[in-house]
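Engineer: Structure below; questions to follow.
FYI, it's all coordinate maths here, none of it is from the lab. A quick note: this is a predicted structure, and the numbers were derived from the prediction, not measured. FYI the Cβ positions are ideal-geometry reconstructions off the backbone, even for glycines, and counts take in every protein chain you see.
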Amino acid sequence: MALTDEQKKRIEANRKKALERLHQIKNKGKVSPPPTSETSTAGTNSKSGATSLLLGQNNSFRDASSHTVPEVNESDRKRFKTEQKMPSIRSKDYIEYDFSTMKDSRGGFLDQTDSTGFGKPDEEPLSLQEWKEKQKKEQVVKDLAPPLDLENAPKCAECESLEVDPNFYTNFKVSVCRRCKKENPDKYSLLTKTECREDYLLTDPELRDTNLLNRIEKPNPHGFLRMQLFLRMQVEEYAWKKWGSAEGLDQEWEKRERARLDRKEKRYQTKLKEMRKRTRAEEYTRKLRNGQLINERHEHLWSAPMAIKGSENMIKRRCIDCGIETEEVVI
């Protein structure tokens, strides 16, 4: 569809207005000379002309046939005035970190600078055998210094020898030599926490209390936690004090064993009762499904006799309803 002459004139006028407005925006930042009387009048006219051109351009989008320039109010000036808007910054949206106190966790991987078998970054890590030797050296208790006063020096409680085992003397406060310790395992053997709990009926809070029982810790060959070892003589002494005597401990153990067997029998009877209820319910459902009475006696409907392989005088029959099988001897 071809444009008319009037439409072409309006398009050309709008294009000139847009170019003139673009030229004014580019020259807006330039410093103009001090205005004279003539220039001030021209500037006023040019400002009014620019405003009219700007508003005329906006109106051209709404109504191309309108040529009247509306009055410019304060709100329009504020709207066309370009101002720099500062971003809305809230202090609570930002978190300040003190990087001097932060530690690199290496994303959960092993830290080679840690003292857990690894050396410094410039050192090679220890081998497994070297690490074991280092642990043994750290755990070994050094021999006691020779006593200055022989009369008051610690002596073995069995043979009164001065060669006291430093490990037992330091950790358990027991004076015994190595030879007597090997000869009397009923008194000086070491017990694990599980043995103390099961054989002497001691509780975990009692075994954790270091004031009641002394202990030594060693690497556990069956896990990662360290193994705690107690002296049998001290454990028995505390157990006799708790249960009265060795007979009292035996009575308590028998009492708990009977209670354990009673609980086991009770669980067995409960499961057996549930199984009987389930079997009775299945029988009741089967009879209802087959249209039989609840108290009706079952009569077997035997199938034809079947020969049994390997025996000539034996036959086998099967009930068609319940599936029970019987073997008969043919004479």
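Engineer: For the pair ARG258 and THR210, what calculated FRET efficiency results from E = 1/(1 + (r/R0)^6), where r is the Cβ-Cβ distance and R0 = 25 Å, to the nearest 0.05?
Structural biologist: Numbers: r = 34 Å, r/R0 = 1.36.
For R0 = 25 Å, the calculated efficiency reads 0.15.
Engineer: Arranged from highest to lowest average of other beta-carbon atoms within 10 Å per residue, in what order do the peptides 7-17, 173-183 appear? Write down the numbers at each step before the final one.
Structural biologist: On the way: 7-17: 12.7, 173-183: 16.9.
Averaged packing, sorted descending, gives the order 173-183, 7-17.
Engineer: Let me ask something else about it. Mind giving me the FRET efficiency for ASP321 and TYR268? R0 is 22 Å, r the Cβ-Cβ distance, nearest 0.05 is fine. If you can, show how the numbers build up before the last one.
Structural biologist: On the way: r = 32 Å, r/R0 = 1.47.
For ASP321 and TYR268, the calculated efficiency is 0.10.
Engineer: Follow-up question, since we're still on this one. Sorted from largest down, what three extents in whole angstroms do the Cα atoms of region 245-329 have along their principal axes?
Structural biologist: So the extents along the principal axes, rounded to whole Å, are 73, 40, 16.
Engineer: Debye sum, Cα scatterers, region 204-290, no solvent: what log₁₀ I/I(0) at q = 0.13, 0.15, 0.22, 0.26 1/Å?
Structural biologist: -0.71, -0.81, -1.05, -1.16
Engineer: Moving on. What is the extension gain from GLU6 to GLU133, computed as 0.36 nm multiplied by their sequence separation minus the C-alpha to C-alpha distance, in nm to one decimal? Before the final figure, lay out the partial values.
Structural biologist: Details: separation 127, 0.36 × 127 = 45.72 nm, distance 10.48 nm.
Result for the pair: 35.2 nm of gain on full extension.
Engineer: Here's a follow-up. Ranked highest first by average number of other Cβ atoms within 10 Å, how do 165-172, 216-223 line up?
Structural biologist: Values: 165-172: 17.6, 216-223: 10.9.
So the order, starting with the most tightly packed, is 165-172, 216-223.
Engineer: Quick one: if you stick a label point 7 Å off each Cα along the C-beta vector at ARG106 and LYS218, how many nm between them?
Structural biologist: Going from the ARG106 label point to the LYS218 one covers 3.1 nm.
Engineer: Let me ask you something else. Going highest first, how would you order 247-255, 235-243 by mean Cβ packing within 10 Å?
Structural biologist: Details: 247-255: 12.8, 235-243: 16.0.
So the peptides 247-255, 235-243, ranked by packing, come out 235-243, 247-255.
Engineer: Going down the list LYS187/LYS218; LYS173/LYS241; LYS181/LYS255; LYS182/LYS218, which pairs span over 25 Å between their C-alpha atoms?
Structural biologist: Details: LYS187/LYS218 20 Å; LYS173/LYS241 19 Å; LYS181/LYS255 34 Å; LYS182/LYS218 20 Å.
In this structure, LYS181/LYS255 lie more than 25 Å apart at Cα.
Engineer: Work out the length of the dipole vector of region 160-213 about its Cα centre, built from +1 on the beta-carbon of each Lys and Arg and -1 on the beta-carbon of each Asp and Glu, and round it to the nearest 20 debye.
Structural biologist: Values: 9 positive and 11 negative charges, 41 e Å.
Taking the Cα centre of region 160-213 as origin, the dipole is about 200 debye.
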